[in-house]
Amino acid sequence: MDKLADCPCCGGKAEYIGRKMFVIQCQACRIRTQEYRSEHAAAQVWNIRNSIAKEAAEYTALQWRFDKLIQENNVLNERIEGLETDREKQKP
Ligand SMILES: [Zn+2]
C-alpha cells in the first residue's frame, strides 16, 4: 500500500476505506477522495491533492510577501520624493 500524505485541509491522518472500490479519507475531518478501483489509484489522487494544496499555500504566502514589498517600495519612493522636494526648496 502507498504511504498516505497527511490531510491537505487539517493535517489529520488519512486511511484507506473499501474492499472492491477504494477511497482515502481523513480520520479527523472526513474529507475523502472519490471511489477508485485500486488502492494505488486512490492514494495517488490523495497525495497529488495534498501537494497541490501545499503549492497553493506557498503561492499565497509568496503573493502576500510580494504585496508587502510593493507597499514598502511605495513608502520609500514617497520618502525619497519628499527629501528631493526639501532639497530643491533649500537651494538658494
Ligand atoms: Zn482532514
Q | Residue count for the stretch 9-20, restricted to those that are among the small types (Gly, Ala, Ser) and either more than 15 Å from the ligand (Cβ to nearest atom) or in contact with a helix residue (DSSP H, G or I) (Cβ under 9 Å, 6 or more places away or on another chain) (or both) | A | 2
Q.
For Asp67, only one of the following conditions fails: (1) in a loop (DSSP other than H, G, I, E, B); (2) under 18 Å from the mean Cα position of the chain (by Cα); (3) charged (D, E, K, R). What is its number?
A. (1)
Q: Hey, can you tell me all the residues within the stretch 57-79 that are over 20 Å from Asp6 (Cβ atoms) and either in contact with a strand residue (DSSP E or B) (Cβ under 7 Å, 6 or more places away or on another chain) or hydroxyl-bearing (Ser, Thr, Tyr) (or both)?
A: none
Q. Looking at Asp2, Asp86, Asp6, which is the one that is more than 14 Å from the ligand (Cβ to nearest atom) and touching a residue at least 40 places away in the same chain (Cβ under 8 Å)?
A. Asp2
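Looking only at the stretch 40-64, which residues are aliphatic (A, V, I, L, M) and more than 19 Å from the chain's Cα centre (by Cα)?
Quick first cut of the stretch 40-64, residues aliphatic (A, V, I, L, M) only: 41-43, 45, 48, 52-53, 56-57, 61-62.
Hits for the stretch 40-64 are Ala41, Ala42, Ala43.
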Q. Across the stretch 37-56, which residue is nearest to the ligand (Cβ to nearest atom) among those that are more than 14 Å from Asp2 (Cβ to Cβ) and outside any loop (DSSP other than H, G, I, E, B)?
A. Ala53
**Q.** Of residues in the stretch 21-36 being touching a Lys or Arg at 6+ places or on another chain (Cβ under 8 Å) and in contact (Cβ under 8 Å) with a residue 12 or more places away in the chain, the one farthest from the ligand (Cβ to nearest atom)
**A.** Met21
Q. Can you spot a residue in the stretch 19-28 that is surrounded by fewer than 13 Cβ atoms within 10 Å (Cβ to Cβ), within 23 Å of the chain's Cα centre (by Cα) and either outside any loop (DSSP other than H, G, I, E, B) or modelled with pLDDT of 95 or more (or both)?
A. yes
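The values are calculated or read from the model by the stated rules, or taken from the named source; none is laboratory data. It should be emphasised that the depicted structure is a prediction, and the values quoted were computed from it without experimental measurement. Heads up, the Cβs are rebuilt from the backbone with ideal geometry, glycines too, and the neighbour counts pull from every protein chain shown.
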